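Heads up: the structure comes next, in structure tokens.
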């Protein structure tokens with residue numbers, strides 16, 4: 001499980017860097033085409049919007065796996081004894097997995113299914129919107145994996161991550 005965790009983190013990091021780089025190039029091209037060439041490209045705004053969706057959702061899944069980057073109020077948690085901190089972290093991870101399953105995997109999966117079934121295409125790129133929204137259930141599964149991974153670490157008394 002540790003190897004899968006590391007490979008998944010490296011893969012997501014690479015994807016985030018790639019998506020962000022493409023987003024920067026897209027926006028730079030949009031500015032150049034609008035102000036230098038005098039005619040705005042038709043696809044740049046839509047591509048920027050879609051890549052920002054992917055960057056945000058994938059980044060949230062990545063930060064969930066890191067456990068250090070999430071904004072949290074842990075003042076009261078750190079005041080608990082170590083054993084109760086472990087139990088509280090387990091409960092938090094369970095709720096995160098339930099949320100990811102219900103909202104992201106099931107709800108996002110339904111969104112993908114409906115948009116693909118209806119044949120909705122993006123106006124400029126003519127990409128099926130189901131492919132754009134597919135990142136939601138994928139990241140839901142990633143978050144569930146990370147939650148299970150962190151719960152497993154919580155049960156390991158020899159691990160000092162928490």
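Every number here is computed from the coordinates shown, using simple stated rules; none is lab data. All values reported here derive from a predicted model rather than from experimental measurement. Neighbour counts run over all protein chains shown; Cβ positions are idealised from the backbone, glycine included.
Between helix 44-66 and the chain there is an angle of about 10 degrees, using the helix long axis and the longest principal axis of the Cα atoms. The Cα-based radius of gyration and maximum Cα-Cα distance (Dmax) for the chain are 19.6, 64 Å. Ordering 104, 96 from the fewest to the most neighbouring beta carbons within 10 Å gives 96, 104.
Using the count of nearby Cβ atoms within 10 Å as a rough guide to exposure, how do 115, 4 rank from fewest to most? Display every interim value, and only then the final one.
Details: 115 18, 4 10.
Result, fewest neighbours first: 4, 115.
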